[in-house]
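Novice: Attaching a single structure in structure tokens format; questions to follow.
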Amino acid sequence: MNYKELADMIFPNAKEISYYEEKYPRRNLPEGAVVTRFAPSPTGFVHIGGLYQALVARTVAKKTGGVFFLRVEDTDQKREVENGITGIVNSLKDFDMAPDEGMISETEEIGEYGPYKQSLRKEIYQAYAKYMLEQGKAYPCFETAEEGAERIAKQEAAKVRTGYYGVWAKYRNLSLDEAAEKIKAGVPYIIRFKSPGREDRKIQHKDVIKGKVDFPENDQDIVIIKADGLPTYHFAHLVDDHLMGTTHVIRSDEWLSSVPLHLQLFQEAGFKAPKYAHIAPIMKNDEGNKRKLSKRKDPEAAVSYYEEIGVPSLSVKEYLLNIANSTFENWRRQNKDKSIDEFDFQLNKMSVSGALFDMTKLFDVSKIVISSYSADEVYNESLKWAEKHDKELVEMLSDKDYSLKVLGIERGNAKPRKDIAKWSDVKENIIYMYDDKFLNSKQEYPYQVISDKESINKILELYIEKYYDENDDKQTWFDKIKDLAGEMGYAREVKEFKANPDAYKAHVGDVSTVLRVALTGRTNTPDMYEIMQVLGKTSVENRLRKAMS
Ligand code: GLU
């Protein structure tokens, strides 16, 4: 019995790898083009850290004229979830990050290097496992569960590393005849890699993100084909990233310690290894302690959360780029109108230890993003969000012309309003502009410096009777508020007040505040002139009268 015969016995129907090598030729891409992938398990859940990895992978591929593909890693069938692929595909689509190749629905895919779902690649893995067997670089292992448990117990008692290696790798040295006999007799087995490595030797890995890292060589005879005939992650990684032409494996740094094994697998198979870029997990500051964002504890860990609260996907991407490359923020400040695709992203400038994720900062980024939207865009996006999440907002927005005016206040100018971070903020930010909400509710009036009923009523009355004219331009409008202040004995200018504070009870700004609070119930609003223009004469007068009563 030789290796070839044993391999034939194990995988009688597997094709020669030359078949696949021809079927999936090297990609014909421009010099320097990078091929990356997002390779999640189809659990349906997309963690913000997964989206972050996908964004980074896609950004570097796009930047170099390369390819970004989506591969579904479903070889661990215990973890399968119904419609798990759909969730991932839709998340990528929602974030405008649809892959160039790969799965596009539960069952469909695009691209020439598929199947892109690992469970459909069984034959391919078996062909490559056979290829390894033929060269004596893999072998069948007949260790039973009991033997395995016993081996581990002995290793623990002897305080040595657990695993299948060296003297512990009992079936590594079985003769080919003995192995063939057992197979004929129907003894169950799996296929292991025969590692040529030694633990006392070092290898050096140069990670694109982590930099130079030293490791002991791998000496573990890891499983490559499991009892169910499917590959392990390690073997699927070798076969898939080889055949799919991945140039850069961008993945979570939980895989960093597997690098010695992976490099060895590529070496033994005779394939060119990809470059590796290991991304540290996204961290959160939890009362002074830095910890990983957790799916269980942190709602913001789920990508679906952003849609639920209405953060635009562009805001999330901008923020993720912010924490991925510290130079992004500055670039954005200097290039306000450019698309994020124009940013010169640098994989090797990513944080080695783990970027800190901060919702407040994300909302700040989002406020800037939304501030550049037109009233139409804000209207359409808020309405789309509200239709799923907020019936009252839908009803408010049903008067489209009026809503566009409301949303257009302080928008489209050099210093647009920055008070909306997410669509769920919109209602609260505009509700006072709707008469049926404002006039029909019991209103609180948080007056400030001028707070006595008498002065307030006097101001409001004088304003309606003498100073308010809806046709005034902004300057005239403001001059009239000064005149009103003067008539009431307040300082017409803030400067005058500051120069002589004892001479006045208040100044023009305080009078404005009275008007603002009476009109809106708030101390803080966008430009009051614009607000009054949008409200119109009847509403302004009704509101001021309501405040007086
Ligand atoms: N399926 C693996 C995971 O979700 C993929 C890791 C990789 O990108 O290679 O962790």
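Novice: Considering only region 510-525, state which residues are surrounded by fewer than 18 Cβ atoms within 10 Å (Cβ to Cβ) and in contact (Cβ under 8 Å) with a residue 12 or more places away in the chain.
Specialist: Listed by number, the residues that qualify are Ser512, Arg522, Thr523.
Novice: For the condition over 28 Å from Val223 (Cα atoms) and among the hydrophobic types (A, V, I, L, M, F, W, C), what is the one hit in Ala33, Ala7, Ala14, Ala39?
Specialist: Ala33
Novice: Next question. Is there any pair linking a residue in region 8-30 that is within 20 Å of Thr247 (Cβ to Cβ) to one that is in a helix (DSSP H, G or I) and open to solvent by 50 Å² or more (accessible area, probe 1.4 Å), with Cβ under 9 Å and at least six apart or on different chains, and which?
Specialist: Qualifying pairs under 9 Å: none.
Novice: Does Lys226 satisfy being surrounded by fewer than 20 Cβ atoms within 10 Å (Cβ to Cβ), modelled with pLDDT of 95 or more and within 16 Å of the ligand (Cβ to nearest atom)?
Specialist: Yes.
Novice: For region 296-346, which positions are closer than 19 Å to Val56 by Cβ, touching a residue at least 12 places away in the same chain (Cβ under 8 Å) and polar (S, T, N, Q)?
Specialist: Once the filter is applied, which keeps residues that are closer than 19 Å to Val56 by Cβ, touching a residue at least 12 places away in the same chain (Cβ under 8 Å) and polar (S, T, N, Q), region 296-346 yields Ser313, Ser315, Asn322, Asn325, Ser326, Thr327, Gln346.
Novice: Here is a further query. Select, from Gly186, Gly229, Gly163, the only residue that is free of Cβ contacts under 8 Å to residues at least 40 places away in the same chain, within 30 Å of Glu123 (Cα to Cα) and in a loop (DSSP other than H, G, I, E, B).
Specialist: When all the criteria are applied, what remains is Gly186.
Novice: Collect the residues in region 62-73 that are crowded, with 23+ Cβ neighbours inside 10 Å and within 14 Å of the ligand (Cβ to nearest atom), keeping them in residue-number order.
Specialist: Hits for region 62-73 are Phe68, Phe69, Leu70, Arg71, Val72.
Novice: For Asn471, all conditions in the list (1) in a loop (DSSP other than H, G, I, E, B); (2) touching a residue at least 12 places away in the same chain (Cβ under 8 Å) hold save one; what is the number of the exception?
Specialist: With (1) in a loop (DSSP other than H, G, I, E, B); (2) touching a residue at least 12 places away in the same chain (Cβ under 8 Å) applied to Asn471, the lone miss is (2).
Novice: Name every residue in region 195-207 that is in a loop (DSSP other than H, G, I, E, B) and either more than 20 Å from His234 (Cβ to Cβ) or open to solvent by 50 Å² or more (accessible area, probe 1.4 Å) (or both), in order of residue number.
Specialist: Residues satisfying the conditions are Pro196, Arg198, Glu199, Asp200, Arg201.
Novice: Let me ask something else. Residues that are among the hydrophobic types (A, V, I, L, M, F, W, C), at least 1 per element: which strands (runs of 3 or more DSSP E) completely within region 265-320 meet that?
Specialist: Those strands (runs of 3 or more DSSP E) span 275-279, 283-286.
Novice: Within region 21-60, how many residues are open to solvent by less than 40 Å² (accessible area, probe 1.4 Å), away from the ligand (no atom under 11 Å from the Cβ) and more than 26 Å from Asp358 (Cα to Cα)?
Specialist: 4
Novice: Looking at Thr144, Thr107, which is the one that is β-branched (Val, Ile, Thr), open to solvent by 40 Å² or more (accessible area, probe 1.4 Å) and under 20 Å from Val81 (Cβ atoms)?
Specialist: Residue meeting the stated conditions: Thr107.
Novice: Which residues, taken from region 254-267, are within 27 Å of the chain's Cα centre (by Cα) and away from the ligand (no atom under 11 Å from the Cβ)?
Specialist: Of everything in region 254-267, those that are within 27 Å of the chain's Cα centre (by Cα) and away from the ligand (no atom under 11 Å from the Cβ) turn out to be Leu256, Ser257, Val259.
Novice: Inside region 110-134, can you point out the residues that are crowded, with 23+ Cβ neighbours inside 10 Å and in contact with a Lys or Arg (Cβ under 6 Å, 6 or more places away or on another chain)?
Specialist: Of everything in region 110-134, just one residue is crowded, with 23+ Cβ neighbours inside 10 Å and in contact with a Lys or Arg (Cβ under 6 Å, 6 or more places away or on another chain), namely Tyr116.
Novice: What helices (runs of 4 or more DSSP H) lie completely within region 1-87 and have 2 or more residues being in contact with a strand residue (DSSP E or B) (Cβ under 7 Å, 6 or more places away or on another chain), at pLDDT 95 or above and not aliphatic (A, V, I, L, M)?
Specialist: Counting at least 2 such residues, we get 48-63.
Novice: What's the total number of residues in region 174-189 that are aliphatic (A, V, I, L, M), closer than 16 Å to Asp228 by Cα and open to solvent by 40 Å² or more (accessible area, probe 1.4 Å)?
Specialist: Adding up the residues that qualify gives 1.
The values are calculated or read from the model by the stated rules, or taken from the named source; none is laboratory data. What you see is a predicted model, and the numbers here were worked out from it, not measured in a lab. In this analysis, Cβ positions are derived from the backbone assuming ideal geometry, glycine residues included, and neighbour counts consider all displayed protein chains. What goes into the accessible areas is simple: the full protein's heavy atoms, side chains included, and nothing from ligands, DNA or RNA. Shrake-Rupley method; radii C 1.70, N 1.55, O 1.52, S 1.80 Å.
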